[in-house]
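Heads up: the structure comes next, in structure tokens.
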Amino acid sequence: MTTPQHCPGFQHNKNLRSFVCKCPECGEKKEIFSDEFDKTHKCAKCGQEIDFSQCTLDGGA
């Protein structure tokens, strides 16, 4: 009998969705995952807070 080989936590992470957000200040893109909704996100380039409600679902995820 064989068992599937997956990384620990595979089941928890397989339903995550990826969102792409643009910084309202400089336009830099930031990828945010669906399990990070409750966190504050800041642009890595300029430090501006990113409004998650302005993000779009990443079709490639």
May I ask you to derive the FRET efficiency for residue 36 and residue 5 from their Cβ-Cβ distance with R0 = 22 Å, giving the value to the nearest 0.05? 0.20
How big, in percent, is the set of alpha carbon pairs in segment 16-57 lying more than 11 Å apart? 57
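Each value in this text was obtained by applying a stated rule to the coordinates, not by laboratory testing. These figures come from a predicted structure and were not determined experimentally. Cβ: placed from backbone, ideal geometry, glycine included. Neighbour counts: every protein chain shown.
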